[in-house]
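None of the figures in this text is laboratory data; all of them are computed from the coordinates on show. Here the structure is a predicted model, which is why all the values come from computation and not from measurement. Note: ideal-geometry Cβ built from the backbone for every residue, glycine included; neighbour counts use all protein chains shown.
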Amino acid sequence: MKQKRDGQVQLNSLQQARGLAAMAVVAFHLSIMMALPRYLGQELFTDYTRRGNLGVDFFFVLSGFIIIFAHGHDIGQPHRLRNYLTRRFVRLFPVYWVYVGVFCLLVAMGFGASATIPETFSQWISTFTLVRLDNLTFPIAPAWTLVHELAFYLVFALLIASRRAGIMVFGLWMVACVVLGEHPDYHEQTPWTTYLSPLNLNFLAGMLAYLGWKHGRPAIVKCAFPAGLVMFAAIYLAEQGGVPYGSAQPVYAISFGLLIAGAAALESGGQWPSGLRLFNLIGDASYSIYLTHLAFLGLTGKIFIRLSAYLPLSPELIYLLVFAGTVACGCLAHLLVERPVIAICRRRLPGKPSLAVQGAA
């Protein structure tokens with residue numbers, strides 16, 4: 001755990017976990033892409049990547065942990081609401097707007113075989129505000145998860161404005177997600193299924209993980225890490241055996257919460273391995289990797305598939321090269337776009353530094 005000059009605290013273990021989750025999502029989508037006829041038309045590594053989309057669940061749990069870690073002291077302090085909203089705005093929107101703006105411009109110029117841009121006014125509003133008004137498929141497809149993030153940020157803002165009202169609204173939201181929630185297919189998401197999705201329970205799991213780490217006995221909390229691994233493996237095998245995702249999802253959330261709390265406790269106790277700088281970079285870049293990976297997968301996939309006509313590249317090697325190239329491009333986007341944009345916004349929209357995990361969404 002490293003103290004930074006701006007008053008932030010960086011938990012390297014959680015940054016590294018963010019990087020692993022981002023790479024899991026990349027691998028998941030890459031296996032799907034390579035099976036398409038316009039690419040290789042061949043399934044690759046699907047036995048290992050078929051549940052890489054659980055990286056999204058992990059991101060949500062981690063977000064719940066990070067927000068209360070960074071802003072738990074703001075709860076019930078309405079004079080701190082402006083600072084909270086400024087920090088969340090800077091972290092979520094400017095970089096996203098840059099990426100979605102460039103993406104829509106490229107699609108309008110004819111790039112992207114299957115990419116689309118919004119067609120109606122309400123779809124444009126949803127695209128740029130991340131408030132779902134209909135069943136829009138976002139131009140940057142992974143942005144559907146940011147709708148959940150924004151909803152969580154706004155509900156947490158109520159906790160800052162009024163502890164009592166915030167607890168009541170947050171509690172009702174969680175109960176509604178349990179009672180009324182459902183898991184629709186990606187292209188069938190609506191405002192109802194989004195804002196009442198059981199996926200939102202992941203934020204609660206992350207908040208509880210933080211409280212366990214903060215107030216639990218370190219020796220016990222450290223044991224949460226292996227317990228989380230065992231629980232994850234058990235529910236993963238159970239799901240492969242036929243348990244539906246809807247039933248498995250709460251268990252995944254608990255296992256991720258245990259992993260996060262345990263990793264934080266191990267690092268706080270000086271028992272987390274050092275020297276994983278590459279994973280720290282990937283964790284810092286996870287937001288850019290996540291938002292740009294589909295575009296870079298398509299670009300690098302076409303490049304290496306064409307090169308395979310001249311070089312002895314096996315399908316498996318092409319997969320690995322595309323994967324590494326996509327992650328590298330996401331890291332470059334972080335260094336050349338995300339970091340400068342956020343730095344400019346923070347200078348123009350100053351907010352007091354708070355305890356936070358560097359790069360947290």
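Placing dummy labels 7 Å off each Cα toward the beta-carbon, the span from K214 to A35 is 4.2 nm. Only Lys, Arg, Asp and Glu carry charge here, each on its Cβ (+1 for the first two, -1 for the last two); on that basis the chain has a dipole of about 1500 debye about its Cα centre.
Fully extending the segment from E119 to T137, taken as 0.36 nm per residue of separation minus the present Cα-Cα distance, adds 5.4 nm. Listed peptides 138-148, 13-23, 237-247 appear in the order 13-23, 138-148, 237-247 once ranked by packing, highest mean of other Cβ atoms within 10 Å at the front. Estimated from the Cβ-Cβ distance and a Förster radius of 41 angstrom, the FRET efficiency linking D185 and R82 is about 0.55. For segment 111-217, the Stokes-Einstein estimate of translational diffusion at 20 °C and a viscosity of 1.002 mPa s comes to 140 µm²/s, using the Kirkwood hydrodynamic radius over alpha-carbon pairs. Remark: the C223-L276 segment gains 16.9 nm on full extension, using 0.36 nm per residue and subtracting the alpha carbon distance.
Subtracting the Cα-Cα distance of W192 and A233 from their residue separation scaled by 0.36 nm leaves 11.6 nm.
Converting the Cα gyration tensor eigenvalues of segment 273-343 into ellipsoid dimensions via √(5λ) gives semi-axes, longest first, of 26, 15, 8 Å. The Cα atoms of segment 149-195 cover 36, 21, 10 Å along the three principal axes, with the biggest extent listed first. Ranked by the mean number of other Cβ atoms within 10 Å per residue, highest first, peptides 160-166, 181-187 order as 160-166, 181-187. Contact order for the chain, expressed relative to its length and based on alpha carbon pairs under 8 Å spaced 6+ residues apart, stands at 30 percent. For segment 238-342, the residue among I305, I318, I289 whose Cα projects farthest onto the positive side of the dipole built from Cβ charges is I305.
For the chain, the membrane-span-like helices by this rule, meaning whole DSSP H stretches whose C-alpha atoms cover at least 18 Å of axis and whose Kyte-Doolittle mean is -1.0 or above, are 12-34, 54-71, 81-108, 144-161, 163-180, 201-215, 224-240, 245-268, 286-307, 315-333; this says nothing about an actual membrane. Projected over every direction and averaged, the convex hull enclosing the alpha-carbon atoms of segment 69-173 yields 7.6 nm². With a ≥ b ≥ c taken as the square roots of the eigenvalues of the C-alpha gyration tensor of segment 2-348, please select rounded if a/c is under 1.5 and otherwise prolate if a/b is larger than b/c or oblate if it is not? In terms of gyration-tensor shape, rounded. Pick out, from S126, G41, G171, the residue whose Cα sits farthest towards the positive end of the charge dipole of the chain, with +1 on the Cβ of Lys and Arg and -1 on the Cβ of Asp and Glu. Selected residue: G171.
Which part of segment 16-51 falls in the paramagnetic zone of Q240, meaning amide N under 13 Å from the point 7 Å along Cα-to-beta-carbon? Residues 46-51 fall inside that zone.
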